[in-house]
Ligand code: AMP
Ligand code: GLY
């Protein structure tokens, strides 16, 4: 079958890689795609938040399945438009995607069903938010309610920082997304991401993973889209009991949404903090994680097309997915200056040599083809991923591969996965 995949990041490159491995895949179109997806299928220019445009393209090109990678088209309801047109779709409709599209909706849902998360307040005007801040004091976490491309959260250690973050939201820094603000108790502990496939009833948890969100080593510096990730997460960081608790929380979310008449199908992403009181929810996302997908899918044994179709059709069964015992480590190569301003258009070399190393796959994130040459086109450029029987080997292979790749301004953290090493 022909498939249309929406998105352009490392996540979509990893999804595309798995889709073309399926014997069911004829033609794969990626909108808009990147320099890496261009080698896996056909990149097409399309407004991916315009459901009609997506349906028109899918019909003209006989696509029987649309896979939605990023949150913006999900929250915009593109999955609903695709399904209404009679085309199969992977990803929740707008009603389900609110778990990510509105922090307030997601917090209300958790409170209503007594799911463990940080205490919070929601505000639609600056004065009330500042009054709550005065009552609660710092540290406190300030979140723009709507989608803000991963930039809408400030973990404020002082009242001044919180004050500034609140005012920025109400001054329109995130547009409409910041016109409602959630203030949350700060939690502490290691983080763990748990993705799960679901058809609205059945759930298949994927392997846990740990993202590294801060820009600099030792988890210092500003938050980013993710600087590296590994999977699975060892027992000394997350126990089997904690994993089961996380999966149970996600099952409840899907079940409670169903009880309210919302069928949530696709991938549900739970971001958890492992607090001294047990796992608590940081956030839900209505999609695969980026860069989590880049270490989860390479370890998965399944026909991804079959799984995607079953999620949509309500026919998901647990035997559709199994896991390799291997470890996966992915290091993100960024452009110098990221997450601040950075330059684009730098020529990238060495990917082929890197991929000759055993177990190494280089997923493209911010790359483009310019006159036949591969160049940087974003802050996160490449996700250099290695799979190996032990964590140490996976890590060594990933870093050996990073050294073989070159572009002006290449930057990366050298401590990805160090938390997995028991001290
Ligand atoms: P979110 O997009 O809500 O997951 O927030 C992004 C990041 O901010 C998370 O991965 C955490 O590192 C941090 N964060 C969010 N909420 C909290 C919280 N209540 N306490 C501590 N850190 C938080
Ligand atoms: N890795 C964080 C996210 O995908 O939201």
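Laid out as a table, the results:
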quantity: Candidates 385, 158, 367: whichever shows maximal mean-square fluctuation once the chain is modelled as a Gaussian network with Cα springs under 10 Å; calculated: 158
quantity: Calculated [θ] (222 nm, deg cm²/dmol) that DSSP helices of n ≥ 4 give over the chain, each run adding -39,500 (n - 2.57); calculated: -9000 deg cm²/dmol
quantity: Linear extension gain, residue 325 paired with residue 390, 0.36 nm per residue minus alpha-carbon span; calculated: 22.5 nm
quantity: Anisotropy class of segment 139-259 from Cα gyration tensor, a/c 1.5 cut; calculated: oblate
quantity: Interatomic Cα distance distribution for segment 209-354, bins of 5 angstrom, percent; calculated: 2, 7, 13, 18, 20, 16, 11, 8, 5, 1, 0
quantity: Two-site FRET efficiency, residue 158 against residue 131, from Cβ-Cβ distance with R₀ of 25 Å, rounded to 0.05; calculated: 0.90
quantity: Contact order normalised by residue count of the chain, Cα under 8 Å, 6+ apart, percent; calculated: 16 percent
quantity: The chain: Cα Rg divided by the 2.2 N^0.38 Å rule of thumb; calculated: 0.94
quantity: Rel. contact order, % - alpha carbon contacts under 8 angstrom, at least six apart, segment 242-390; calculated: 19 percent
quantity: Estimated translational D of segment 145-216 in µm²/s (Stokes, Kirkwood radius over Cα pairs; 4 °C; 1.567 mPa s); calculated: 87 µm²/s
quantity: Relative contact order (%) - criterion: Cα under 8 Å, at least six apart; region: segment 174-246; calculated: 22 percent
quantity: Value of D in µm² per second that Stokes-Einstein yields for segment 22-176, Kirkwood Rh from Cα pairs, at 10 °C (1.306 mPa s); calculated: 88 µm²/s
quantity: Separation in nanometres of the label points that stand 7 Å from Cα toward Cβ, at residue 370 and residue 349; calculated: 1.6 nm
quantity: Ascending count of other beta-carbon atoms within 10 Å, so fewest first, for 399, 216, 363, 269; calculated: 216, 399, 269, 363
quantity: Gain upon complete extension [residue 408, residue 306; 0.36 nm per residue less C-alpha separation]; calculated: 32.6 nm
quantity: Tensor-based shape of segment 254-328 (alpha-carbon gyration tensor, a/c under 1.5 rounded, otherwise prolate or oblate); calculated: oblate
quantity: Cα Rg, Dmax (largest Cα-Cα span) when computed across segment 327-423, Å; calculated: 13.5, 49
quantity: Cα gyration tensor, segment 1-70 - rounded (a/c under 1.5), prolate or oblate; calculated: oblate
quantity: Approximate spin-label separation residue 188-residue 56, in nm, with each point projected 7 Å along Cα-to-Cβ; calculated: 5.5 nm
quantity: Calculated diffusion of segment 204-271, Stokes-Einstein form, Kirkwood radius summed over Cα pairs, 20 °C and 1.002 mPa s, µm²/s; calculated: 152 µm²/s
quantity: Euclidean distance between Cα centres, segment 341-359 to segment 1-32, Å; calculated: 21 Å
quantity: Relative exposure of 311, 402, judged by other C-beta atoms within 10 Å (fewest first); calculated: 402, 311
quantity: Residue order, fewest to most surrounding Cβ atoms within 10 angstrom, among 405, 416; calculated: 405, 416
quantity: GNM result for the chain, Cα springs below 10 Å: residue of 325, 371, 303 fluctuating most strongly; calculated: 371
quantity: Highest average packing first - 29-35, 8-14, 377-383, 280-286, Cβ atoms within 10 Å; calculated: 8-14, 377-383, 29-35, 280-286
quantity: Max mean-square fluctuation residue, GNM over the chain, Cα-Cα springs under 10 Å, options 213, 112, 103; calculated: 112
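We did not get these values from a lab; they are worked out from the coordinates using the rules stated. Fair warning: this is a prediction, and the values are worked out from it, not measured in the lab. A quick note on method: Cβ atoms are made from the backbone with ideal geometry, for glycine too, and the neighbour counts reach across all protein chains shown.
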